[in-house]
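Written below as structure tokens is the structure these notes are about.
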Amino acid sequence: MKRYGNLYSKIIAEDNLRLSHINARKGKGFYYEVQEVDEHLDERIEELGYILDPVSKIYVPSPYSKYRKKDGKKERDIFKLPYYPERMIQWSILQVLGPILIRQFTADTFSAVPGRGIHSCIADIKKALILDPDGTVYCLQCDVRKYYPSINRDLLMGRYEHILKDKDLLWLIGMIIYHADGNKGIPIGNYFSQYSGNFYLSGFDHWIKEVKGVKYYWRYMDDIIILSNNKAYLHELRKEIEEYWQTILDLEMKRNWQVYPVRDRGIDFVGFRMFGDYTLLRKSICTNLENRLSTVYDKFLAGEELTYSEWCSYNSYAGWLLYCDSYGLEKKYFDPVREYCNNYYINNVKGGKTDGCTQKCPVYC
């Protein structure tokens with residue numbers, strides 16, 4: 001196993017710190033705290049170099065703000081840090097460390113990996129279903145119970161120490177990992193947590209592929225599906241996975257794991273239901289789409305103008321439909337308001353007006 005050193009000097013280099021602002025501000029240029037950095041960029045870069053100096057090491061992470069976010073039937077605690085200096089610092093780390101972490105991942109790891117998001121994941125699964133229908137008859141689907149809050153920080157730090165020999169970088173990573181309240185867990189919503197969450201399970205990925213020899217395996221953060229033509233084999237493998245998580249990673253499998261026939265139910269994963277030759281949008285997303293666009297249609301009939309948030313919803317759902325069989329949804333919900341929403345885009349979004357969304361939003365759009 002190669003261990004990497006001499007990274008910290010690259011992280012705190014002025015050009016890397018400037019690049020962190022360019023990357024971190026994408027899509028967020030209308031936020032006050034981002035504009036403040038824009039106006040005083042040279043001063044902020046100098047300050048970052050000072051607080052991250054490897055001799056003085058005076059950096060102390062800012063307090064988190066927390067809010068509850070409902071995602072379907074789930075409610076999660078989302079943690080947010082200030083744009084400056086936290087988001088810029090985390091970007092500066094991952095611009096250097098990110099490619100090294102990605103080398104630890106198998107090709108079956110998706111989520112928070114450049115070029116390996118939801119759409120590449122579903123394309124890979126559909127390819128397997130179409131090319132090998134006999135080998136993809138049954139699906140094992142499982143995930144970790146409260147994944148982010150359950151991550152053992154000492155084990156995570158140990159994994160970083162296993163691949164890194166740069167003591168200054170390990171100090172900075174430790175400051176970020178151990179900053180949250182409690183004895184376990186890393187914060188949902190933290191940019192560094194996305195990479196750490198993937199990295200924490202990367203050893204498990206290699207075990208599944210190289211020790212267990214599983215052919216059809218996909219992981220989207222902690223959500224996992226495995227396909228096989230043998231139902232009994234999947235039940236036994238599920239037990240081994242549960243034991244691995246408990247003994248090696250200090251994690252608990254969520255009780256809603258399933259082994260089921262693919263052709264009858266489709267694979268409900270990353271927002272879609274995949275049957276191989278066709279793909280549907282997940283039912284809960286369809287319901288949200290119908291409710292949101294019905295509101296948009298009512299405003300259209302009443303002659304009222306959209307808010308920026310409503311246009312974002314329309315645009316987001318339109319993106320979802322590009323990757324599934326959606327003729328009926330398009331005809332019923334999108335066609336009646338398409339021109340209405342496009343006009344809002346031309347007159348407001350393209351013109352730089354985003355009155356429905358301000359820097360006070362709880363999350364970055």
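Observations, loosely collected:
- Placed amide H near residue 273: partners under 5 Å, 5+ positions off or other chain: 280, 281, 282
- Stretch gain in nm, segment residue 77-residue 315, where the contour uses 0.36 nm per residue and the Cα spacing is subtracted: 83.1 nm
- Computed FRET value (nearest 0.05) for residue 260 with residue 67, which takes r as the C-beta separation and R₀ as 30 Å: 0.25
- Nearest-0.05 FRET efficiency for residue 155 and residue 284, computed from C-beta distance (R0 35 Å): 0.60
- Charge tally in the Cβ shell below 13 Å around residue 12, where Lys, Arg are +1 and Asp, Glu are -1, residue 12 excluded: -4
- Computed in the context of the full set of protein chains, the accessible area of the chain at 1.4 Å probe radius has 50% of its extent on carbon or sulfur.
- Option label - P(r) over Cα pairs in 10 Å bins from 0, in percent computed here, alternatives (i) 5, 23, 34, 29, 9, 1, 0; (ii) 4, 20, 28, 26, 17, 5, 0; (iii) 5, 19, 25, 23, 17, 8, 2, 0: (ii)
- Solvent exposure of the chain, expressed per residue, is 51 Å² of accessible area, with all protein chains present and a 1.4 angstrom probe.
- Highest-fluctuation residue, 299, 165, 28 considered, GNM on the chain with Cα pairs under 10 Å: 299
- One decimal place: the segment residue 53-residue 339 gains 97.6 nm when fully extended, by the rule 0.36 nm per residue minus the C-alpha distance.
- Summing charges over all other residues whose Cβ lies under 13 Å from the Cβ of residue 35, with Lys and Arg as +1 and Asp and Glu as -1, gives -1.
- Distance (nanometres) between label positions extended 7 Å along Cα→Cβ at residue 171 and residue 298: 5.8
- Positive contributions from Lys and Arg (+1) and negative ones from Asp and Glu (-1), summed over other residues with Cβ under 11 Å from the Cβ of residue 196, come out at +2.
- Anchor residue 239: lysines whose Cα lies under 26 Å away (excluding residues fewer than 8 positions away in-chain): 74, 146, 184, 209, 212, 215, 231, 254
- Once the Cα-Cα distance is subtracted from the 0.36 nm per residue extended length, the residue 243 to residue 4 segment shows a gain of 82.9 nm.
- Summary value for the chain: 19 percent relative contact order, contacts being C-alpha pairs under 8 angstrom separated by 6+ residues.
- Separation in nanometres of the label points that stand 7 Å from Cα toward Cβ, at residue 291 and residue 277: 3.5
The values are calculated or read from the model by the stated rules, or taken from the named source; none is laboratory data. Remember, predicted model here, so these are calculated numbers, not experimental data. Cβ: placed from backbone, ideal geometry, glycine included. Neighbour counts: every protein chain shown. Each accessible area value is taken on the protein alone, full model and side chains, heavy atoms only, with ligands, DNA and RNA left out. Shrake-Rupley method; radii C 1.70, N 1.55, O 1.52, S 1.80 Å.
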